[in-house]
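Asks: Below: one structure in structure tokens.
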Amino acid sequence: MKVVTMVLSVVLVACVAVGSAVAGHHGGWHGKGGDGGFHGGRGFTRLLDKLALNADQEREIASVLASHREKIGEAVTGTAEARRGVKEAVTAEPYDAGTVKQAVQRLSERQEQAALLAGKVLNEVRPVLTAEQKETVKTLSARHAGRMQGFIDGRLERLDDWIAKHNR
């Protein structure tokens, strides 16, 4: 069970990191607020703020992030472009399932690359954290997973309500 919790924590933090990078690509990276992306570009920095890092930890983590900044930018850009490609393929007229499948495959490849990069970055950041900070990450991970399930449940409930209202 501890292994599952740790893996889920790492995946969550990876998603937060990649999501923050995506939002940052849209403006939040440079402190410009973003355009409504993952917490307006503040997701990863909020996580770091909650960890109460000391100055040495902040410098070490900043160094790790800086060393991967170019690749993060490439992952962010590639993933955003691939998402746009899926949206365009899904909404294209006439609809072509083959085009949608190709677009989804490109997105999947980009997401895989981004997840691998996030894992690599996290592997370099993890040793900088104290045991207490790692526990905080686990707690926040569990909380986030619960909120995500609530978000999913809410969307499906609204869909069911809409269907019931209009399917008479």
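The values are calculated or read from the model by the stated rules, or taken from the named source; none is laboratory data. As the structure is a computational prediction, the values presented were derived from the model and not from experiment. Methodologically, a virtual Cβ is constructed for each residue, glycine included, from the backbone with ideal geometry; neighbour enumeration extends over all protein chains shown. When the accessible area is computed, the model is the full protein with side chains, heavy atoms only, and any ligands, DNA or RNA have been set aside. Shrake-Rupley method; radii C 1.70, N 1.55, O 1.52, S 1.80 Å.
Residues checked against (1) assigned to a helix (DSSP H, G or I); (2) among the aromatic types (Phe, Trp, Tyr); (3) open to solvent by 60 Å² or more (accessible area, probe 1.4 Å):
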position: ARG84; (1), (2), (3): yes, no, yes
position: GLU88; (1), (2), (3): yes, no, yes
position: PRO94; (1), (2), (3): no, no, yes
position: VAL100; (1), (2), (3): yes, no, no
position: LEU107; (1), (2), (3): yes, no, no
position: GLN111; (1), (2), (3): yes, no, yes
position: ALA114; (1), (2), (3): yes, no, no
position: VAL121; (1), (2), (3): yes, no, no
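Asks: Looking at segment 70-82, can you tell me whether even one residue there is without any contact (Cβ under 8 Å) to a residue 24 or more places away in the chain and among the small types (Gly, Ala, Ser)?
Replies: No, segment 70-82 has no match at all.
Asks: Filter segment 54-74 down to the residues that are more than 21 Å from THR130 (Cα to Cα) and in contact with an Asp or Glu (Cβ under 9 Å, 6 or more places away or on another chain), then identify the one that is surrounded by the fewest Cβ atoms within 10 Å (Cβ to Cβ).
Replies: SER67
Asks: Also, I was wondering about something else. Would you be able to say whether some residue in segment 120-137 is farther than 28 Å from ARG59 by Cβ, free of Cβ contacts under 8 Å to residues at least 40 places away in the same chain and out of contact with any strand residue (DSSP E or B) (no Cβ under 8 Å at 6 or more places or on another chain)?
Replies: No, segment 120-137 contains no residue that is farther than 28 Å from ARG59 by Cβ, free of Cβ contacts under 8 Å to residues at least 40 places away in the same chain and out of contact with any strand residue (DSSP E or B) (no Cβ under 8 Å at 6 or more places or on another chain).
Asks: For segment 135-147, does any single residue satisfy the condition of being open to solvent by 100 Å² or more (accessible area, probe 1.4 Å) and acidic (Asp, Glu)?
Replies: Our first condition is that a residue be open to solvent by 100 Å² or more (accessible area, probe 1.4 Å); within segment 135-147, this holds for 143, 147.
Of the ones still in play, those that are also acidic (Asp, Glu) are none.
No, segment 135-147 contains no residue that is open to solvent by 100 Å² or more (accessible area, probe 1.4 Å) and acidic (Asp, Glu).
Asks: Moving on. Go over the candidates LEU122, LEU117, LEU129 one by one and state the one that is within 15 Å of the chain's Cα centre (by Cα) and modelled with pLDDT of 90 or more.
Replies: On the way: LEU122 fails: modelled with pLDDT of 90 or more; LEU129 fails: within 15 Å of the chain's Cα centre (by Cα).
Only one candidate qualifies: LEU117.
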